[in-house]
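The values are calculated or read from the model by the stated rules, or taken from the named source; none is laboratory data. These numbers were taken from a predicted model, which means no experiment stands behind them. Cβ coordinates were reconstructed from backbone atoms using ideal geometry, including for glycine residues, and neighbour counts include every protein chain displayed. The protein model used for the area step is the full one, side chains on, heavy atoms only, and it has no ligands, DNA or RNA in it. Shrake-Rupley method; radii C 1.70, N 1.55, O 1.52, S 1.80 Å.
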Amino acid sequence: MHSTPPTLIKPPDDKAVIELITPDRLNPYLGVCAGDPAAALALYRWNSDLAAAFFEPLGHLEIMLRNAVDARLVARQQRRGRPAEWYADTAVPLSGKARADIVQAQQRAGRGGTATPRGKIIAELSFGFWRFLLARQYKTTLWPDMAGAFPHAPNRALNTVEDPVKRLHKFRNRIAHHEGIWHLPLEARRDDIQIVLGFIAPAAAAWVADASRIDDVLARRP
């Protein structure tokens, strides 16, 4: 019997790839690569690898951050003798935008038609929701309770936590929208992830850092 010869893989056609990505999207890469299409595509691919490497620890951060803050808000309700969930209690001083986000999260979480576990509702609340819970508008209302979610922070000042979380939220949105990050202060964003996790629990920061691919990808910049 004769085996079927393997299909030969042709080298990529840079022109076709550029047209599909679109020249407009690649213009910043071409600009720093002296107009060299192959070099621009290599930088573009590296940017994608880098985004993927960052997205994993950002995902861990989002989950740990929301669970830590949620736990403190649950404790706040218990201490005040409020039986309702904090996100459903109209006495909790949340903004109109936060209330709208909660309604949408409840709708998404409840699409199965059965009783919705609270954990599913919490998981449906976006990183942006938690980022804005750490905004200055809650400095005198919710922050005194939420500060306990960050027991290893050097102080209880809101901006100590808010500032790196705000930077990471903006950074994560760039990644989620497939925008370039190659020209940003990447080591600083890597450090922000570790700083915030360290505020929550040093063990969490070490666990995330141990599996992070960020430094390996940074070292492979074309």
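A few remarks follow.
- Per DSSP, loop trypsin sites (Lys or Arg not before Pro) in region 48-122 with at most 11 further Cβ within 10 Å: Arg111
- Lys139-Arg82 pseudo-label distance in nm [points 7 Å out on the Cα-to-Cβ vector]: 2.2
- Convex hull volume of the Cα atoms of region 154-222, normalised per residue: 95 Å³.
- The slack between Ala123 and Arg220, meaning 0.36 nm per residue of separation minus the straight C-alpha distance, is 31.5 nm.
- Accessible surface area normalised per residue over the chain is 57 Å², counting heavy atoms of protein chains with a 1.4 Å rolling probe.
- At an R0 of 25 angstrom, the distance between the Cβ atoms of Ala211 and Lys97 translates into a FRET efficiency of 0.15.
- Think of it as helices only: each DSSP H run of n ≥ 4 in the chain is worth -39500 (n - 2.57), and spread over all residues that comes to -20000 deg cm²/dmol at 222 nm.
- Taking 7 Å steps out from each Cα toward its Cβ at Thr90 and Asp49 produces label points 5.6 nm apart.
- The angle between the Cα long axis of helix 158-176 and the longest principal axis of the Cα atoms of the chain comes to about 40 degrees, rounded to the nearest 10.
- Over all other residues within a Cβ to Cβ distance under 14 Å of Ala91, the charged ones net out to +2, with Lys and Arg as +1 and Asp and Glu as -1.
- At an R0 of 30 angstrom, the distance between the Cβ atoms of Ala188 and Arg111 translates into a FRET efficiency of 0.15.
- Take every Cα pair under 8 Å whose residues are at least 6 apart in sequence, average their separation, divide by the length of the chain, and the relative contact order is 27 percent.
- The chymotrypsin sites (Phe, Trp or Tyr not before Pro) found in region 172-216 include none that occupy coil by DSSP while having at most 15 further C-beta atoms within 10 Å.
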